[in-house]
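The values are calculated or read from the model by the stated rules, or taken from the named source; none is laboratory data. In this text, all values refer to a predicted model and were calculated from it rather than measured experimentally. Glycine also receives a Cβ, built like all others from the backbone with ideal geometry; neighbour counts cover every protein chain displayed. Surface accessibility is based on the protein's heavy atoms, side chains included, excluding ligands, DNA and RNA. Shrake-Rupley method; radii C 1.70, N 1.55, O 1.52, S 1.80 Å.
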Amino acid sequence: GQQLNQSPQSMFIQEGEDVSMNCTSSSIFNTWLWYKQDPGEGPVLLIALYKAGELTSNGRLTAQFGITRKDSFLNISASIPSDVGIYFCAGWRSNYQLIWGAGTKLIIKP
Amino acid sequence: GAGVSQSPRYKVAKRGQDVALRCDPISGHVSLFWYQQALGQGPEFLTYFQNEAQLDKSGLPSDRFFAERPEGSVSTLKIQRTQQEDSAVYLCASSFLWTGSYEQYFGPGTRLTVT
């Protein structure tokens, strides 16, 4: 099925480092969402973006809705061990369907 | 409970068996979604209910897949004559919003393995 292009696929980082990941699409979206999924659990909503250019923070997380409405990025500052997991972007255009990226797996080096 | 619950959490079925997966959404949420998540991939939309009405079933991969929500709360996803390619995690999500497509709250999923 159709998916957003999410990069990188995985990241190995040291605790305390900042993290950046992004999501792009060839189509315009009206809403961008960022979710985190831990093993054996469903995705948990982190940030929702509703307007092009919008920059929204949630604690150490910051996300932006691209001006073209075809991309979004997520930054995590000063990573901690509980940040490990898979981060998904998802876009909504109309009707009821969310379109999802394949995820960015965050791994913290011991 | 406060969140979306799904049962069973794990299901192993022999090829050709029928399975039924249950979703209990957050109380008061009118919108309910089913997704299929293959290993290493993001969720893929299967179907959407607004109360008891199934408004979109365009993501159901074949006519072996059937979903219902007869009283507008609990939903069941049924897969008939399971095939190996049906092996995946099936996620249910609910939302308070009538338009329903964002700010969805997910259950833990049911991992289906077809042998």
Query - Selected residue (criterion: surrounded by the most Cβ atoms within 10 Å (Cβ to Cβ)) from residues of region B:22-41 that are farther than 24 Å from A:GLY85 by Cβ and touching a Cys at 6+ places or on another chain (Cβ under 9 Å) - result: B:LEU32
Query raised in the report: Which pairs do you get when a residue that is hydroxyl-bearing (Ser, Thr, Tyr), found in region B:1-21, comes within reach of a residue that is in a strand (DSSP E or B) and open to solvent by 60 Å² or more (accessible area, probe 1.4 Å), reach meaning Cβ atoms under 6 angstrom, with the pair 6+ apart or on two chains?
Result: B:SER7/B:ARG22; B:TYR10/B:ARG111
Requested in this report: Identify the residue in region A:3-27 that is surrounded by fewer than 17 Cβ atoms within 10 Å (Cβ to Cβ) and among the β-branched types (Val, Ile, Thr) and, among all such residues, is nearest to A:TRP100 (Cα to Cα).
Outcome: A:THR24
Query - Yes/no for B:LYS14 being over 10 Å from the mean Cα position of the chain (by Cα), more than 9 Å from every other protein chain (Cβ to nearest Cβ) and of a type in the set (Lys, Arg) - result: yes
Report task. Tell me, yes or no, whether region A:28-35 has at least one residue that is open to solvent by 20 Å² or more (accessible area, probe 1.4 Å), assigned to a strand (DSSP E or B), under 14 Å from A:PHE65 (Cα atoms) and out of contact with any helix residue (DSSP H, G or I) (no Cβ under 9 Å at 6 or more places or on another chain). Result -> no
Report summary line: For B:ARG15, the lone unmet condition from (1) assigned to a loop (DSSP other than H, G, I, E, B); (2) buried (at least 20 other Cβ atoms within 10 Å of the Cβ) is (2)
Query raised in the report: Would you pick out the residues in region A:40-53 that are more than 12 Å from chain B (Cβ to nearest Cβ) and surrounded by fewer than 16 Cβ atoms within 10 Å (Cβ to Cβ)?
Result: A:LYS51, A:GLY53
Query raised in the report: So B:GLU71 fits all but one of (1) out of contact with any strand residue (DSSP E or B) (no Cβ under 6 Å at 6 or more places or on another chain); (2) within 14 Å of chain A (Cβ to nearest Cβ); what number is the exception?
Result: (2)
Query raised in the report: How many residues are touching a residue at least 40 places away in the same chain (Cβ under 8 Å) and over 17 Å from A:SER26 (Cα atoms) if we restrict to region A:62-83?
Result: 9
Report summary line: Pairs returned, first residue in region B:86-97 that is at the interface with chain A (Cβ under 10 Å from one of its Cβ atoms), second residue that is surrounded by fewer than 20 Cβ atoms within 10 Å (Cβ to Cβ) and at pLDDT 95 or above, beta-carbon separation under 7 angstrom, 6 or more apart or interchain, are B:VAL89/B:ARG111
**Report entry** Which numbered condition B:ALA67 fails, given (1) farther than 16 Å from B:GLY16 by Cβ; (2) open to solvent by less than 30 Å² (accessible area, probe 1.4 Å); (3) in contact (Cβ under 8 Å) with a residue 40 or more places away in the chain
**Finding:** (3)
Report task. Taking B:THR82 as the residue in question, decide whether it is open to solvent by 50 Å² or more (accessible area, probe 1.4 Å) and modelled with pLDDT of 95 or more. Result -> no
Requested in this report: Report, ordered by the first and then the second residue, all pairs with beta carbons closer than 6 Å, sequence separation of six or more or different chains, a first member in region A:17-35 that is of a type in the set (Phe, Trp, Tyr), and a second member that is open to solvent by 50 Å² or more (accessible area, probe 1.4 Å).
Outcome: A:PHE29/A:ARG69; A:PHE29/A:ARG93
Report task. Considering only residues that are open to solvent by less than 60 Å² (accessible area, probe 1.4 Å), within 12 Å of chain B (Cβ to nearest Cβ) and of a type in the set (Ser, Thr, Tyr), look in region A:61-110 and name the one that is nearest to the chain's Cα centre (by Cα). Result -> A:TYR87
Query raised in the report: So which of A:LEU98, A:LEU46 ends up being within 28 Å of B:SER5 (Cβ to Cβ), in contact (Cβ under 8 Å) with a residue 60 or more places away in the chain and out of contact with any Cys (no Cβ under 8 Å at 6 or more places or on another chain)?
Result: A:LEU98
